[in-house]
1. I need every pair where a residue in the range 86-100 that is buried (at least 16 other Cβ atoms within 10 Å of the Cβ) has its Cβ under 8 Å from the Cβ of a residue that is of a type in the set (F, W, Y) and at pLDDT 95 or above, sequence separation at least 6 or different chains.
2. Any residue in the range 123-142 that's within 18 Å of K111 (Cα to Cα): show its pairings with residues that are basic (K, R) at Cβ separation under 8 Å, as long as the two are six or more apart or on different chains.
3. Anything in the range 55-78 that is closer than 12 Å to F12 by Cβ, under 13 Å from the mean Cα position of the chain (by Cα) and not aliphatic (A, V, I, L, M)? List them, or say none.
4. Looking only at the range 130-147, which residues are assigned to a helix (DSSP H, G or I) and of a type in the set (V, I, T)?
5. Quick check: anything in the range 102-117 within 25 Å of the chain's Cα centre (by Cα), surrounded by 11 or more Cβ atoms within 10 Å (Cβ to Cβ) and under 30 Å from S30 (Cα atoms)?
6. L127 passes all but one of (1) part of a loop (DSSP other than H, G, I, E, B); (2) assigned by TED's automatic domain parsing to the domain that holds K23; (3) of a type in the set (A, V, I, L, M, F, W, C); which number fails?
Amino acid sequence: MKMTWDYIAGFFDGEGSIIHNGKGYRATISQTDLDVLERIKQFLGYGQIFKTTKRKAHWKESWVYYIARQKDVYHFLVAIENHLIVKQQTASKAIPILKNKIKLQIERELKSEKNIVETKKLRKEGLTYRRIGRELGISWSHARRIILKHGGSSSVG
């Protein structure tokens, strides 16, 4: 069997879930055939497979393919959205929310990287943590943590 987006979309439509919690979206597929989940994971290149606990002794063993990274959930839903029937409305609702969330995450990462570079530069110029904090609009303790984590001179008080 060749793995395709159509197959994955149909499989997800029947066996999968789109879960929204306070932190974001998750996509899961529950299945008793581990091989199918491993092939889906290999095709996609992301996600994790977890063995579930049997709640009744006579139940078959089962596994869950779990996609948690927001960027991965977004790419997954975009790829299968037009192939879905049952879950298409939920996927269509989640996609713009995920897109915005990823955009904000990238902006935070860029700002963080800029703060790291600026903090290291100001520290090398001999500024104190408090002064760096005032210059960059961050707390002095955050400036100190940046220096301790990412290196830079820490000889000034």
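The values are calculated or read from the model by the stated rules, or taken from the named source; none is laboratory data. In this text the structure is predicted, and so the values were computed from the model without any measurement. Don't worry about glycine lacking a Cβ; one is built from the backbone with ideal geometry, like all the others, and counts go over all protein chains shown.
1. Going by the 8 Å Cβ cut-off, the qualifying pairs are K87/F12; A94/Y25; I95/Y74; L98/Y25; L98/Y74.
2. Qualifying pairs under 8 Å: I132/R123; W140/R130.
3. F76
4. Answer for the range 130-147, where residues must be assigned to a helix (DSSP H, G or I) and of a type in the set (V, I, T): I132, I146, I147.
5. Yes.
6. Here L127 clears every test but (2).
Rundown of residues vs (1) at pLDDT below 95; (2) touching a Phe, Trp or Tyr at 6+ places or on another chain (Cβ under 7 Å), yes/no style:
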| residue | (1), (2) |
| --- | --- |
| G16 | no, no |
| T32 | yes, no |
| W59 | yes, no |
| Y66 | no, yes |
| H75 | no, no |
